[in-house]
């Protein structure tokens, strides 16, 4: 689970940790540029539950989903689940860059 704060990435073991950090940064009026969530987090809060909670705090921040479970509907139709876009694992750096460029600008 990753959350990107400007150019400094944070990494978490599950969505709860990411949410706590997002809320802390928001309370301090610090902006978060984008968030990438794993769809499935064994024993933890996964991407679908996390994005629902993120949308309660921030409805416009780009939130991307990544997963090796290509058959999951969240990968096929990420917007229906509150995500901005998604990537199927494994993905290349160029695929990640294209997604960022499309949704975050250059």
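Tabulated data for the structure shown
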| read-out | value |
| --- | --- |
| Residues (exposed (fewer than 13 other Cβ atoms within 10 Å of the Cβ) and either part of a loop (DSSP other than H, G, I, E, B) or under 13 Å from the mean Cα position of the chain (by Cα) (or both)) located in the stretch 53-67 | 59, 60 |
| Members of the stretch 73-84 that are surrounded by fewer than 12 Cβ atoms within 10 Å (Cβ to Cβ) and assigned to a loop (DSSP other than H, G, I, E, B) | 77 |
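Conditions tested, residue by residue: (1) part of a helix (DSSP H, G or I); (2) under 17 Å from residue 9 (Cα atoms); (3) within 13 Å of the chain's Cα centre (by Cα); (4) in contact (Cβ under 8 Å) with a residue 60 or more places away in the chain.
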| position | (1), (2), (3), (4) |
| --- | --- |
| 30 | no, yes, no, no |
| 37 | no, yes, yes, no |
| 45 | no, no, yes, no |
| 71 | no, no, no, no |
| 86 | no, no, yes, no |
| 90 | no, no, no, no |
| 97 | yes, yes, no, no |
| 100 | yes, yes, yes, yes |
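Read-outs throughout are calculated quantities, based only on the coordinates presented, and are distinct from any laboratory measurement. Remember, it's a predicted structure, so these values are computed and weren't measured experimentally. Please note: Cβ atoms are built from the backbone with ideal geometry, for glycine as well, and neighbour counts cover all protein chains shown.
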